[in-house]
Structures are given as C-alpha cells and as structure tokens.
Amino acid sequence: MDLESLARRVSEHQRKGLAMKKLTLEYPELTVEQAYRIQALSVERSVAEGDRFVGWKMGLTSRAKQVSVGVDEPIYGRLLASMELRESLLSVGGLVHPRVEPELAFVLKEGLHGESVTPREVWRATECVVPALEVIDSRYENFSFTLVDVVADNASSARFYLGEQGFSPYGARWDEVGVVMRKNGEVVQTGAGAAVLGHPVRSVMMLTRMLAREGLGLEPGMVVLTGGITEAVPVQPGDAVEVSYEGLGSLELRVG
Ligand code: OOG
Ligand code: MG
C-alpha cells in the first residue's frame, strides 16, 4: 500500500475539516509503525507548504481519555504553528466535531533525547509549564477509530491554546494541580494533574523514549502537550468553555 497517498488523503481531510472512513476498514493490515509514517508524511506536506513544526503532543495518557475513545495506549502527534490559537476564540470553520480538553504544556529551553531520560533531566530542560487547552478533532466519522487510525490522523490534533503566564517547573506540584472545567457556566469535568500517567512529567519522559526509538528527539523551544487530564468536551458555536487550574489562573475559549 502507498503510504504517501494515504498521507495525502489524511492531509486533505484535515485541511478541509471533512470526515472520512477509518483507514483500517480499507487496510486492516496497517501497522502502528506505518501509521506514524503516514502522520509524519502528512505533517511534512504542511511544512513544505509553509507551516512550521513547533512541538509534540501526547495523547491517551489518562484513563479518562483512554476509556472515552476505547484505545488504551498512549500515542503522540505533531504540532504545527497553524494550530496555535492566538486569542481565546475558537472558530469551528475547518473542523469536523471539535472537543476541548484541559492539559498542562511543557515549553523546553533545551533538547531532550534518548531512551533513559529521567525526571531531573526533564526539569532541567524545561523553561516553563503552562496551563493549556487542546482542541482535538478526529477526522473519522463519529469520532470512532482504532489505535492505528488515530495515529495516522496525527492523534486528532487540531488546535491548541496556551495560557499567557508560564510557571517555573519547580513552582507547583503538577500532579496535585486540580482542574475544573465549565461549559456555559456548568461544571462538566474535574480532575488533577496526576490523571496524566501519575505525573505529567512522565508524559514528557515517555514521549522522549517513544521518539528515541525512531531516532527522533525534542528540540529547544518546542512545546509538549502532556495529554488531556479529563475527558474531552464537545463544543459548538455559541459555547464558552472555562477551565480553572488551581492556583494558576484560568483559561477561557469562546466558540464561534
Ligand atoms: C486522541 C487524542 C487524545 C489526549 O490528550 O488524550 C489526546 C483522541 O482522543 O481523539 O489528545
Ligand atoms: Mg490532548
């Protein structure tokens, strides 16, 4: 099978915000390795067209997320400059069925490489930790997919929004930070940093390890989204989502 042409198919559906059938319906023999190749090729297409590769995201690092999509293994995806929201407004144009989830993002000042990275090394390489919202949008019909499908679709990456205030990596117990998510004023999700693999730092370690196996690594300046702390919440135009991060302020996203 031609991974280039599958990457082109995925890219087109991502760009147009069009739902598609699961790739595994047509190609049940696709492997996870091939799916990561499709992901890389589709992101390379965007970069060739002028976009910029700015970081990575981990996905399915919390039980809540794994249960909600029925895939119980962490995955990674690639973040592009065009995905970053510059203001607290999410336009649903070009999206299929967006969902919002609260996350903690790490911004690196140094690179991270290798299979045996320690928490200490992650802290030393981290410039700051920032409260973040990720907007995921599966390109698959009904937001339904297998591990292979979601990896090929860049781990459902669509948009991300970082808080303006960065915090020292030593400034909080990141596992104990509580989050409360409200949609249109009502509490819809609650959780704590520990939902992410016990501690969000472990998500960065796992990402570094997964990338090292492919001969890849994290570069200085990159953003890492460590994974949804709670289930993702579907949004539509007119909604307003607000997440408060205990002791760190809150983030709001209006949907239009
Ligand atoms: C896959 C992406 C998961 C997270 O933070 O767990 C993710 C999906 O749920 O569509 O971004
Ligand atoms: Mg996420």
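Please treat every number below as a calculation from the coordinates, not as lab data. Computed from a predicted model, the values in this text were never measured in an experiment. Positions of Cβ are generated from backbone atoms using ideal geometry, with glycine treated the same way; all protein chains shown enter the neighbour counts.
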Please determine, by comparing only the residues of region 29-49 that are out of contact with any helix residue (DSSP H, G or I) (no Cβ under 9 Å at 6 or more places or on another chain) and part of a loop (DSSP other than H, G, I, E, B), which one is surrounded by the fewest Cβ atoms within 10 Å (Cβ to Cβ).
GLU29
Please go through region 99-133 and pick out each residue that is more than 16 Å from ligand 2 (Cβ to nearest atom), touching a helix residue (DSSP H, G or I) at 6+ places or on another chain (Cβ under 9 Å) and part of a strand (DSSP E or B).
LEU108, LEU112, THR126
When the residues of region 211-246 are filtered to those that are surrounded by fewer than 17 Cβ atoms within 10 Å (Cβ to Cβ) and not in a loop (DSSP other than H, G, I, E, B), which remaining residue is farthest from ligand 1 (Cβ to nearest atom)?
ALA240
Considering region 216-256 alone, what residues qualify as being at positive phi and within 16 Å of ligand 2 (Cβ to nearest atom)?
GLY227
Here is a check on your reading of the model: is THR190 under 16 Å from VAL100 (Cβ atoms), out of contact with any helix residue (DSSP H, G or I) (no Cβ under 7 Å at 6 or more places or on another chain) and among the β-branched types (Val, Ile, Thr)?
yes
Among the numbered criteria (1) within 15 Å of ligand 1 (Cβ to nearest atom); (2) farther than 30 Å from LEU30 by Cβ, which one does VAL151 miss?
(2)
Matching residues in region 193-210 - criterion: being under 18 Å from LEU133 (Cα atoms) and part of a helix (DSSP H, G or I)
GLY193, ALA194, ALA195, PRO200, VAL201, SER203, VAL204
Looking only at region 1-28, and only at residues there that are polar (S, T, N, Q) and in contact with a helix residue (DSSP H, G or I) (Cβ under 8 Å, 6 or more places away or on another chain), the one that is nearest to VAL135 (Cα to Cα):
GLN14
Being free of Cβ contacts under 8 Å to residues at least 40 places away in the same chain and either in contact with a Phe, Trp or Tyr (Cβ under 8 Å, 6 or more places away or on another chain) or of a type in the set (S, T, N, Q) (or both) is the filter here; which residues of region 5-33 pass it?
SER5, SER11
Answer yes or no as to whether GLU164 is closer than 26 Å to LEU248 by Cα, within 13 Å of the chain's Cα centre (by Cα) and surrounded by fewer than 17 Cβ atoms within 10 Å (Cβ to Cβ).
no
Residue satisfying all of: in region 75-102; under 11 Å from the mean Cα position of the chain (by Cα) and near ligand 1 (Cβ under 9 Å from one of its atoms); farthest from PRO131 (Cα to Cα) among these:
ILE75
